[in-house]
Amino acid sequence: MTSNLHQASFRDPSGFVFWRDGMLFRQVNRIYQKDYDCLIRSGLYSSLVRDGLMVGHEETQEPPELSELAYRVLKPETVSFISYPYEWCFSQLRDAALLTLRIQRKALEHGMTLKDASAYNIQFFGYQPILIDTLSFEEYREGEPWVAYRQFCQHFLAPLALMAYTDVRLSQLLRVYLDGIPLDLASRLLPWKTRLSLGLATHIHLHASAQKRYAGEKISTAARGKMGKMALLGLIDSLEAAIRSLSWKPRGTEWADYYRETNYSDQAFEDKKQRVEEFVSHVHPSMVWDLGANTGIFSRIASGQGAKTIAFDIDPAAVELNYRECVRAKETNLLPLVLDLTNPSPGLGWANAERQALVERGKADMVLALALVHHLAISNNVPFQRIADYFSQMGEWLVVEFVPKDDSQVQRLLASRKDIFTEYHKQSFERAFNEVYEIRADHPISFSGRILYLMQRRQ
Amino acid sequence: MKILVSGFTWVYLDPGSGSFILQILLAALLGGAYAVKVYWKKIKGLFIRSSSQEDKERINADREHDE
């Protein structure tokens with residue numbers, strides 16, 4: 001029996017998550033017994049699970065990991081890929097924020113309250129955000145303010161306001177500030193006109209000033225009991241109105257209209273689609289990572305065949321469009337995420353282990369790298385060998401497209417720089433990939449000089 | 001504003017004193033605004049219900065008239 005504690009699960013004394021023999025369990029500690037019983041008895045648990053707002057679990061007889069602390073061992077429903085808020089597009093973060101508030105309102109109806117409002121407690125089942133931390137609740141005591149108010153503003157409201165009003169790329173601040181964007185920083189970065197919005201003026205600007213003014217102030221029990229339930233519901237309502245008032249429309253970014261500007265003909269595009277479809281159905285993968293997925297046209301070939309598919313793209317506008325399509329079509333097999341492959345999400349937080357690097361979060365059975373390699377090799381000067389090495393860490397099978405130098409897309413990349421890429425040709429590409437992969441099939445895409453390969457990692 | 005200590009319940013998140021105090025300071029406003037919103041909805045609900053009731057009655061009356 002091998003087991004280990006989850007590296008991100010140590011802050012809350014209520015319990016923790018651990019892996020044992022490849023299965024995920026959650027230990028509930030005795031310190032949390034009263035709140036856990038209340039969660040179940042109040043009907044909040046069944047209501048949240050029934051409405052698809054929180055993952056369900058089974059109470060098991062599995063021996064606890066730390067028996068001196070244990071009250072229960074749960075086997076929770078798991079998500080197929082853990083993603084982080086700095087990988088979400090605007091609407092994903094917004095939907096996660098609205099879910100958190102909806103859960104808080106439901107908790108209050110059942111005499112409980114959310115004791116934390118971390119964006120990391122939300123994960124996506126395709127288009128649906130869901131709470132994964134069963135131990136986020138405590139009994140509500142009349143008169144108490146919301147203990148997670150600051151965290152909600154830092155994890156959700158501040159980044160969303162910055163994305164909507166300043167620049168959508170500021171979501172990347174979440175990668176630096178793991179407990180959310182400090183409100184004084186958000187207040188400084190937001191344009192002055194946000195002070196005219198009641199929600200942002202209150203929950204960001206005034207909130208930041210209050211934090212500065214009352215820093216370290218101790219609060220008496222008498223004062224703590226002064227926030228009635230109506231006021232608390234008013235706070236949730238006001239936060240919801242502030243979140244709902246924020247919007248962001250993808251436009252003017254690098255790739256959002258890529259498919260309209262593409263250089264190859266409809267026949268070439270159809271040929272490529274058909275061949276990708278054949279390769280996917282030949283391998284029949286259960287998990288596919290589409291790197292440089294744009295708005296997910298090729299990802300949907302995999303997800304349509306039943307594979308859980310992650311569609312990564314560097315452009316927040318492409319990911320936004322992709323996610324909106326997922327929501328519209330209620331797609332559960334596809335998860336679009338923002339990722340810069342030249343600087344993928346690293347291990348972050350305590351001991352660099354709280355938030356995992358991309359390849360530590362699971363493996364794909366198949367990686368799609370379509371119209372991508374020239375960007376890595378030419379725009380980012382990554383040698384073919386290194387590209388092949390990194391792709392092979394992600395999954396066993398690879399569908400990769402080689403775009404020759406005379407292709408107009410490559411010429412565009414070379415337009416403003418000296419061509420130092422004497423090794424950028426088909427033979428050298430095949431030689432480098434052949435070191436780590438066996439080439440199972442190659443197919444020249446009709447009406448273009450491009451070649452599509454199916455490769456399998458060497459054992 | 002000075003809020004003095006007289007017992008402190010332990011919480012695992014640091015809510016930040018400012019975040020707590022701001023909520024307490026705004027409690028009356030937030031609660032008031034929410035109450036107005038809820039009661040306004042109720043009043044509107046009554047009005048809409050009564051007018052839709054009137055519509056139904058009118059439709060029924062029209063039908064009877066047609067017959």
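What follows draws every value from the coordinates through simple rules; no lab data is involved. These figures come from a predicted structure and were not determined experimentally. Cβ: placed from backbone, ideal geometry, glycine included. Neighbour counts: every protein chain shown.
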> Going through the DSSP H helices of chain A, which span 27 Å or more along their own axis at the Cα atoms while scoring at least -1.0 as a mean Kyte-Doolittle hydropathy?
Replying inline: A:90-109
>> If amide hydrogens are placed 1.01 Å from N in the peptide plane, which non-local residues have theirs closer than 5 Å to the one on A:Lys363?
In response: none
> Under 20 Å from the Cα of A:Lys405, which aspartates and glutamates turn up, not counting those fewer than eight places away in the same chain?
Replying inline: A:Glu261, A:Asp419, A:Glu423, A:Glu430, A:Asp442
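Could you size up the charge dipole of the protein assembly as shown around its Cα centre, putting +1 on the beta carbon of Lys and Arg and -1 on that of Asp and Glu, and report it in debye to the nearest 20?
Once rounded to the nearest 20, the dipole reads 1760 debye.
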> What average count of beta carbons from other chains do you get within 10 Å of the Cβ of residues in B:28-38?
Replying inline: 6
> Which value in nm describes the separation of the simple spin-label points at A:Ser67 and A:Trp19, placed 7 Å from the Cα toward the beta carbon?
Replying inline: 2.5
> How large is ³J(HN,Hα) for each residue in the range A:129-135, as worked out from phi by the Karplus curve 6.51 cos²θ - 1.76 cosθ + 1.60 (θ = phi - 60°), to whole Hz, x for Gly and Pro?
Replying inline: x, 8, 7, 9, 9, 5, 9
> Considering amide H positions built from the backbone, and no H for Pro or chain starts, which residues 5 or more places from A:Thr309, or on another chain, come under 5 Å of its amide H?
Replying inline: A:Val288, A:Leu334, A:Leu335
> Residues with beta-carbon under 11 Å from that of B:Lys37, excluding B:Lys37: net charge, scoring Lys, Arg +1 and Asp, Glu -1?
Replying inline: +2
> Too long at a 32 Å Cα-Cα cut-off: which of A:Lys212/B:Lys42; A:Lys226/B:Lys37; A:Lys75/A:Lys226?
Replying inline: A:Lys212/B:Lys42; A:Lys75/A:Lys226
>> What aspartates and glutamates does A:Lys249 reach when the alpha-carbon gap must be under 19 Å and sequence neighbours fewer than 8 apart in one chain are set aside?
In response: A:Glu87, A:Asp95, A:Asp167, A:Asp257, A:Asp313, A:Asp315, A:Glu320, A:Glu325
>> As a test of the formula, what do you get for the protein assembly as shown when each DSSP H run with n ≥ 4 contributes -39,500 (n - 2.57) and the sum is divided by the residue count, at 222 nm and rounded to the nearest 500 deg cm²/dmol?
In response: -12000 deg cm²/dmol
> Long-range amide H contacts for A:Gly15: which residues qualify at under 5 Å (H placed 1.01 Å from N, peptide plane, sequence gap of 5 or more or a different chain)?
Replying inline: A:Asn29
> Across the range A:399-407, in residue order, what do the Karplus-derived ³J(HN,Hα) couplings come to in whole Hz, using 6.51 cos²θ - 1.76 cosθ + 1.60 with θ = phi - 60° and x for Gly and Pro?
Replying inline: 10, 10, 10, 9, 10, x, 5, 7, 5
